[in-house]
Amino acid sequence: MQPKISIVIPVYNVGQYLCQCLDSIITQTIQDYEVILVDDGSTDESPSICDKYAEKNKRFTVIHQKNEGSAKARNTGLDKATGEYIAFIDSDDWINEDHLQNLQKRAEETEADIV
């Protein structure tokens, strides 16, 4: 079944922040999403953190690629995304537990292309 929201997260050497980011996604009030982690050639522990989260949660997919920059990593994630909506989250940020619910609600209420 197609998820409502695809979350694309470019990842590059953010090991010290990545768990907080990914944990904030897991605790969302809605669960109809997929997470696409694009490891952009990280040289720290980020790739193994991505793999561990993907092993534990079927909503998470990891793509490992050589370092080509965040724009290319976002495009790689977009190519893999299957959701009706796309959300980008930076790997050194985290979101409130109702973030996705609020975005989806607003998009549906206003029929917006971008929220």
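Just a few scattered comments:
- Test: residue 44 is free of Cβ contacts under 8 Å to residues at least 40 places away in the same chain and more than 14 Å from residue 8 (Cα to Cα): yes
- Number of the condition not met by residue 62 [criteria: (1) of a type in the set (A, V, I, L, M, F, W, C); (2) within 18 Å of residue 95 (Cα to Cα); (3) touching a Cys at 6+ places or on another chain (Cβ under 9 Å)]: (2)
- Some residue of the range 89-102 being of a type in the set (S, T, N, Q), touching a helix residue (DSSP H, G or I) at 6+ places or on another chain (Cβ under 7 Å) and assigned to a loop (DSSP other than H, G, I, E, B): yes
- In the range 12-33, residue farthest from the chain's Cα centre (by Cα) [restricted to those that are hydroxyl-bearing (Ser, Thr, Tyr) and over 18 Å from residue 92 (Cα atoms)]: 29
- The single condition from (1) touching a residue at least 60 places away in the same chain (Cβ under 8 Å); (2) part of a helix (DSSP H, G or I); (3) open to solvent by 60 Å² or more (accessible area, probe 1.4 Å) that residue 25 fails is (3).
- Residue, nearest to residue 64 (Cα to Cα), within the range 76-111, restricted to residues that are open to solvent by 80 Å² or more (accessible area, probe 1.4 Å) and under 11 Å from the mean Cα position of the chain (by Cα): 88
- Within the set 9, 36, 49, the sole residue that is farther than 16 Å from residue 88 by Cα, open to solvent by less than 30 Å² (accessible area, probe 1.4 Å) and not in a loop (DSSP other than H, G, I, E, B) turns out to be 49.
- Members of the range 52-75 found to be small (Gly, Ala, Ser) and surrounded by 14 or more Cβ atoms within 10 Å (Cβ to Cβ), listed by number: 54, 70, 73
The values are calculated or read from the model by the stated rules, or taken from the named source; none is laboratory data. Just so it is clear, the model here is predicted, and its values are computed rather than measured. Here the Cβ is made from the backbone with ideal geometry for all residues, glycine too, and neighbour counts use every protein chain on show. What goes into the accessible areas is simple: the full protein's heavy atoms, side chains included, and nothing from ligands, DNA or RNA. Shrake-Rupley method; radii C 1.70, N 1.55, O 1.52, S 1.80 Å.
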